[in-house]
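Report on the following structure.
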């Protein structure tokens, strides 16, 4: 007799039929997609994965430099292992970054909406400087005035700041456990319902993190301590993702033979485009969607 039950109340996407369908997508089928501009690929080896990610970043920086134009990119924290590799490449190739403007996707905030200070050990600002900007030789780094984060003091004009430098050339990112891009949470679907047009126009804001995001970040960044994860965050919105001239998304979370991204990678890429799975909007625009081999593996029950 089959065991039937309702999904947990805190989950925002609850279409069981869709979940069962994408769960059954086999590893060998995962790169197939009806939109040829949504390009799914799998890179087996972790070192190759992060080297490819770093090369994607550096190649675009160098191309813009050679073409004599400004280069604007949105950057994530998660994953981060590509950044030290990119910094080493930039130093070795002596690539100046005076033409580069960066906008980070998000930053943690407290219950009152105050973003984490740049020197807090869990802040995305500290992470980016420790893992990328400060590893680049000083004479090659972009000016500090061209490195931006959605802190409390600039959140209301963050979208305008991006447009003032000509818009985004490429939006890099990953996918969260609830399907979020940056911290644009699945729970925001209740606000927009089926109005995808309004959803795609939504911009930066302060958000309350969902329980699943708190747990994801506790696992990935805070030693499993959910009490340490801030309750809110500032984030870009769908508009900054879909309005970028290109998108490059990389999914690599793997611990041993377990990856929490296996299911959500499938739901984002092969489920319906909807407001309760934020990453699903990537299916509608040209996107490079890269999975580490262990993330592409089949979704199966493994009792430990």
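Compute the helix-to-body angle for 211-221: its Cα long axis versus the longest principal axis of the chain, expressed 0 to 90° and rounded to tens.
Between helix and principal axis, roughly 50 degrees.
Quick check for you: which residues of region 234-253 have the amide N under 12 Å from the point 7 Å beyond the Cα of residue 81 toward its beta carbon?
251-253, by backbone N distance to the label point.
Quick one: length gained pulling residue 273 to residue 112 fully straight, 0.36 nm per residue minus the C-alpha distance?
Extra length from residue 273 to residue 112 when fully extended: 54.7 nm.
Where a ≥ b ≥ c are the square roots of the eigenvalues of the C-alpha gyration tensor, would you call region 178-304 rounded, which needs a/c under 1.5, or, failing that, prolate if a/b is larger than b/c, or oblate? Mind showing how you got there, number by number?
On the way: a/c = 1.86, a/b = 1.26, b/c = 1.48.
Oblate.
Quick check: convex hull over the Cα atoms of region 129-181, volume per residue in Å³, rounded to an integer? Walk me through the intermediate numbers first.
Numbers: hull volume 7.3 nm³, N = 53.
Looking at region 129-181, the number lands at 139 Å³ per residue.
Among 76-88, 5-17, how do they line up from the highest to the lowest mean number of other beta-carbon atoms within 10 Å?
Values: 76-88: 19.8, 5-17: 11.5.
Top of the packing list down: 76-88, 5-17.
Roughly speaking, what is the centre-to-centre gap between region 107-141 and region 10-77 when only Cα atoms are used, to the nearest Å?
About 24 Å separates the Cα centre of region 107-141 from the one of region 10-77.
Which shape class, rounded, prolate or oblate, goes with region 1-144 when its Cα gyration tensor gives a ≥ b ≥ c as root eigenvalues, a/c under 1.5 marks rounded, and past that a/b bigger than b/c marks prolate? Provide the component values of the computation, followed by the final result.
Values: a/c = 2.62, a/b = 1.56, b/c = 1.68.
Oblate is the answer for region 1-144, as a/c is 1.5 or above yet b/c matches or exceeds a/b.
Tell me the label-point distance for the pair residue 218, residue 9, using the 7 Å Cα-to-Cβ offset, in nm and rounded to one decimal.
1.9
Rounded to the nearest 0.05, what FRET efficiency do residue 304 and residue 190 give with R0 = 41 Å and r taken as the Cβ-Cβ distance? Could you check? Show your work: numbers first, answer last.
Values: r = 34 Å, r/R0 = 0.84.
In this case the efficiency is close to 0.75.
Using Cα atoms only, what is the angle between the long axis of helix 46-66 and the major principal axis of the chain, expressed in degrees (0 to 90) to the nearest 10?
Helix 46-66 and the main axis of the chain meet at about 40 degrees.
Going by a ≥ b ≥ c, the root eigenvalues of the Cα gyration tensor, does region 33-296 fall in the rounded group (a/c under 1.5), the prolate group (a/b larger than b/c) or the oblate group? Write down the numbers at each step before the final one.
Numbers: a/c = 1.27, a/b = 1.18, b/c = 1.07.
Rounded is the answer for region 33-296, as its axis ratio a/c remains below 1.5.
Tell me the label-point distance for the pair residue 144, residue 69, using the 7 Å Cα-to-Cβ offset, in nm and rounded to one decimal.
If labels sit at residue 144 and residue 69, their model points lie 3.1 nm apart.
Among 135, 75, 206, whose mean-square fluctuation peaks in a Gaussian network model of the chain (Cα, cutoff 10 Å)?
135
With each label point set 7 Å from Cα along the Cα-Cβ vector, what nm distance links residue 152 and residue 94?
4.5
Would you mind checking the tilt of helix 82-93 against the longest principal axis of the Cα atoms of the chain, expressed as 0 to 90 degrees and rounded to 10?
That works out to roughly 30 degrees.
The numbers here are math on the coordinates, done by the rules we state, and not lab data. The structure displayed is predicted, hence computed values, not measured ones. Glycine gets a Cβ as well: all are built from the backbone with ideal geometry, and neighbour counts include every protein chain shown.
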